[in-house]
Structures are given as C-alpha cells and as structure tokens.
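Peer 1: Quick one: this structure, given as structure tokens, is what I'll be asking you about.
The values are calculated or read from the model by the stated rules, or taken from the named source; none is laboratory data. Everything numeric here is computed off the predicted structure, so don't read it as measured data. Please note: Cβ atoms are built from the backbone with ideal geometry, for glycine as well, and neighbour counts cover all protein chains shown.
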Amino acid sequence: MRSDVLKVISSARDVTNAIVLTHNIDFVFVQTVALSAFHRCGHPTITVFADSRSAADSFAQQKVILTDLGVRYRVVPIAMGPGFRFHPKAVLLSGEHAGVLLVGSGNLTLGGWRENGEVWTRFDSESDGAGPFHAFRNYLAEVLTRVLLPDAVKGDGEEAFDPRSKSWLSTGSTDDGGLVGRTGSGPTLLEQILVASGDEPVEELYVCSPYFDNDGVALRELVASVGARRATILCQAGRTALHQRAWEPTATIAKLQNIDYRHPGFADRERSAFMHAKFYGLRRQDDVVVLAGSANCSRAALTVQGNAGNAELMAVRVLTPQAFQEEFLGELHVSAEPVILSQELSGEDDEESPGTALRILAARFEAGCLLVGYAPSSAAVTDCLVDGTTVPFAKSGNGVLSVSCGSDPKLVSIRAWIDDELVESETAWIDLERQLRATARGRSLA
C-alpha cells in the first residue's frame, strides 16, 4: 500500500505505450506532475480511460489552464448506465522488451497515485509472464465496446499489445489469469470472488473498503455467501462511509476492527492518510486468497446483475498467511478503540453530480474533419459550436456529426432538443489525432 505510482512510472525504461484506467481524473495533476514521470520513462503514447461524468466535471473546472489534453495525451470518456460508474484503476506500461501492469484502487490524482492509502498489485512480464497482460487486454476489449468513435482508440490498444514489437507477450505463461472484473455485464464480482475462493472452507474473511451502500446489502450478502467462521471489517475511524444503519444487519456475524493508515511525512514524521484501498482477503487453512483493486463493498460494485452495475477491476493472488500479514495487514495501524459509526447516511465513493442530459463522449479532429460523438443519440442537434463559434455541421451516423475545420480546433459543444426541451452540452475537449499519433521516438527528439 506504500506503492508510489509516479516512482514506478519514472523508473521504467523504454516505454512506448501507456494505458491508464481511472474513475476520477485531475487534469492539472496530469499536466504538471504525471506527464513528467511519463517523460522520464520513454515519451510513450498515453491513453486514459475515465468515467465520463467525473472527467466532464473536472474538465469544466480546469479547462482554462490545460494545454496538453488531446495533444500529448488522450482521455477517453466511458459512460455507464444511469447511476453507475466506470470505476477501475490500472496503469499499463508497455515497451518493446518488457511490460509492467499495476491494478489497484487509486484514481489519476495526487491522492490516488501518491498521498492516500491505496492498494496496488504489480505484474512484471519478466517474472509473472504474459498471462495478466492478456487478461488486461481482454478486459480492455470489453471497455472499448463502450467507446464512441473507437477506431483511433483501438489503434492505441493494438499498438500496446502488438506481438510483433512486444515479444514479451509470448514469454512464460500466456494463459489469461490474475484479474477479475466486469464492465456492466457478465457475472457479478461477488460471484467471481466466490469462484476465486474455491471449494475449501474459509476460516476468516477480511473486508477493507472505504465505501458501502446505504443499506449495507452488499456487505451482508458478501459475509453470508462466503460463510467464513469469522469476518473482520477493517474501518478507518472518522473516515469510513459505513454508518450504523448499514452495519446493523451484519453486526451479529462480523466484527469491526479500527485501523489507520500512516503516510511518511516531513522530517520522518508519519501522518494519517485517507485509507482508500479496497481488498478482500479470504483466509483458508494454509493460504489467503486476496482480491485487491477498485471495488467498494457496495451493490453497484459487487452484487448488481445483468447489464447494470459499475465497471470494476480486481487483481487476484494466493498468498501465504505470512505474506498477507506483511503486504496488507502489516501496513495498517490497528487500534483497540471501538469504531463509532455515524448515524447519518452517506453516499458511495465519489458521489456523482447530475450533469446535463446531453453529453459529448468523443471529439476527434484529423485532416480538416472534426467528428463529434454524443449521447443520447436520439437527440435532435440544432447547433454545433467550435471554439465558441456556431459552425455548419452534418450528421455522420447515429450519434455522430461532422464539421469541416480549417485549423486545429480546441473546444466543442452542441445544442439539441431532448424531450421537447432545448439543452446544451458541456464544453468538451478535442483530440488532435495527428499530434496524438506521434511516435515515442519522435517525441523524444522534439
């Protein structure tokens, strides 16, 4: 949990492609801090997949000072169903000779990549083989089915996993493994947790999550389904979103453990930091199955079935009890003080703002043509504004319009009729494909 993602990136060498999954994104952090780390590891192409609502909110607040978005790095908004989030967190560093994959709980912010108590599982192609990377590629393929105007983005992924230039993809075990997740379809994460735990009885269940659904349904179902002899819920007093009403249905079959995370501070003084890590440990007789990553203990993350729910991603490992103690429990400061839970209801991780009914989910410019993908596709678009000026446009497919531009555009918004109401989208950034397609070698010489 003391992994510093920025140091991992900075210490990598000859990286040609970087792919990041995140819920929240701080564009200023990317521009002022993260890009410097990527610069040191080889000037890779950078593709970030982020929750569409969170990305739009952050961009609205920070757009006036952004210069590299859509030019030096690409951000791909991913929209889930109403009330659900694109919530996985991962970093792939792909080079010609090796690959590194981090799967964890931290958003693309200073807190997520350095300051919070986060959990990250690291896979190295040299020691772990290609299996986890193939599993991540398959997960990414599911994410891409939710992307508007996907061709350029697919090209980013294909280059990162091109076996002709990434020979390490065929070394060691190439069986998919090490990851479980979903993108709003398929088995629930709770079902996948139960499969990962196998048929052997679970002696103790450990749950570490900062957020829970307000009725405590997911926690109750998790504890009951695992059927462990003991269940321990790790709670950071004063910062957990678990409240009394959500805890009461599970209180008779589980216990709360007061924990804290201490972050190294100035002058070697430790300070308490927000414990944002999510992990589930299932201790069996001789080992511990650990699932660590993005999923909170909520219905949206663990139990919603069908084509709903969050997109989540978890790494799976089987550790010795000693390794689990050292890598997870040993990172925490345990207190005998009781956890006093709030009586007030609180929302899950990163409560969403309502946003607008009309959203731009992609805007790509190349060779004089700007393509804009929007939702809902049924909206009757009346106006398109490029850099604040109304311009002519043409429909170019379901939920897509095209605009001819004489120079590189920066910002776009649209107006449309939805349910007899004229609404305007939030302003969106534009990806300049020629600049984004520059090779790592070309950028290093610039």
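Peer 1: Is it the case that residue 72 is surrounded by fewer than 23 Cβ atoms within 10 Å (Cβ to Cβ) and among the basic types (Lys, Arg)?
Peer 2: In short, yes.
Peer 1: Another one. Do any strands (runs of 3 or more DSSP E) lying entirely in segment 240-300 carry at least 3 residues that are touching a strand residue (DSSP E or B) at 6+ places or on another chain (Cβ under 8 Å) and farther than 22 Å from residue 192 by Cα, and which ones are they?
Peer 2: 255-264, 270-273
Peer 1: Return the residue satisfying two criteria in turn: it lies in segment 107-140 and is under 15 Å from the mean Cα position of the chain (by Cα) and among the hydrophobic types (A, V, I, L, M, F, W, C), and of such residues it is surrounded by the most Cβ atoms within 10 Å (Cβ to Cβ).
Peer 2: It comes out as 113.
Peer 1: Only one of (1) closer than 19 Å to residue 49 by Cβ; (2) assigned to a helix (DSSP H, G or I); (3) not polar (S, T, N, Q) is not met by residue 123, so which one is it?
Peer 2: (2)
Peer 1: Restricting to segment 381-405, and then to whatever is in a loop (DSSP other than H, G, I, E, B) and in contact with a Gly (Cβ under 8 Å, 6 or more places away or on another chain), can you tell me which residue is nearest to residue 64 (Cα to Cα)?
Peer 2: The qualifying residue nearest to residue 64 (Cα to Cα) is 405.
Peer 1: Just checking, which of 317, 299 is modelled with pLDDT of 95 or more, among the basic types (Lys, Arg), outside the structural domain of residue 49 (by TED's automatic domain parsing) and buried (at least 22 other Cβ atoms within 10 Å of the Cβ)?
Peer 2: Checking each option against the conditions leaves just 299.
Peer 1: Scan segment 52-82 residue by residue and report those that are touching a residue at least 40 places away in the same chain (Cβ under 8 Å) and under 20 Å from residue 182 (Cα atoms).
Peer 2: 52, 53, 54, 76, 77, 78, 79, 80, 81
Peer 1: Please state which of the following conditions residue 258 fails to meet, knowing it meets all the rest: (1) in contact with an Asp or Glu (Cβ under 7 Å, 6 or more places away or on another chain); (2) modelled with pLDDT of 95 or more; (3) under 23 Å from residue 189 (Cβ atoms).
Peer 2: (3)
Peer 1: Okay, next question. Inspect all residues belonging to segment 348-363 and state whether any of them is at pLDDT below 95, polar (S, T, N, Q) and not in a loop (DSSP other than H, G, I, E, B).
Peer 2: Within segment 348-363 (the criterion being at pLDDT below 95, polar (S, T, N, Q) and not in a loop (DSSP other than H, G, I, E, B)), the answer is no, since none of the residues qualifies.
Peer 1: Anything in segment 155-204 that is in contact with a strand residue (DSSP E or B) (Cβ under 9 Å, 6 or more places away or on another chain), surrounded by fewer than 18 Cβ atoms within 10 Å (Cβ to Cβ) and hydroxyl-bearing (Ser, Thr, Tyr)? List them, or say none.
Peer 2: 165
Peer 1: Quick test of your reading of the structure: residue 434 fulfils all but one of (1) under 29 Å from the mean Cα position of the chain (by Cα); (2) surrounded by 13 or more Cβ atoms within 10 Å (Cβ to Cβ); (3) charged (D, E, K, R). Name the failing condition by number.
Peer 2: Residue 434 satisfies all of (1) under 29 Å from the mean Cα position of the chain (by Cα); (2) surrounded by 13 or more Cβ atoms within 10 Å (Cβ to Cβ); (3) charged (D, E, K, R) except (2).
Peer 1: Take the residues in segment 40-69 that are farther than 30 Å from residue 96 by Cβ and of a type in the set (D, E, K, R), then tell me which one is surrounded by the fewest Cβ atoms within 10 Å (Cβ to Cβ).
Peer 2: 63
Peer 1: Which of the residues spanning segment 80-99 are touching a strand residue (DSSP E or B) at 6+ places or on another chain (Cβ under 6 Å) and either charged (D, E, K, R) or surrounded by fewer than 23 Cβ atoms within 10 Å (Cβ to Cβ) (or both)?
Peer 2: 80, 85, 89
Peer 1: Quick check on residue 33: is it crowded, with 22+ Cβ neighbours inside 10 Å and either more than 20 Å from residue 315 (Cβ to Cβ) or hydroxyl-bearing (Ser, Thr, Tyr) (or both)?
Peer 2: No, not satisfied.
Peer 1: Also: Can you confirm whether segment 280-301 contains a residue that is under 29 Å from residue 343 (Cβ atoms) and acidic (Asp, Glu)?
Peer 2: No, segment 280-301 contains no residue that is under 29 Å from residue 343 (Cβ atoms) and acidic (Asp, Glu).
The rows are residues; the columns are (1) closer than 16 Å to residue 292 by Cβ; (2) under 24 Å from the mean Cα position of the chain (by Cα).
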site: 179; (1), (2): yes, yes
site: 187; (1), (2): no, yes
site: 191; (1), (2): no, yes
site: 199; (1), (2): no, no
site: 208; (1), (2): yes, yes
site: 211; (1), (2): yes, yes
site: 238; (1), (2): no, no
site: 242; (1), (2): no, yes
site: 252; (1), (2): no, no
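Peer 1: What's the total number of residues in segment 35-50 that are under 15 Å from residue 71 (Cα atoms) and in contact with a strand residue (DSSP E or B) (Cβ under 9 Å, 6 or more places away or on another chain)?
Peer 2: Number satisfying all stated conditions: 8.
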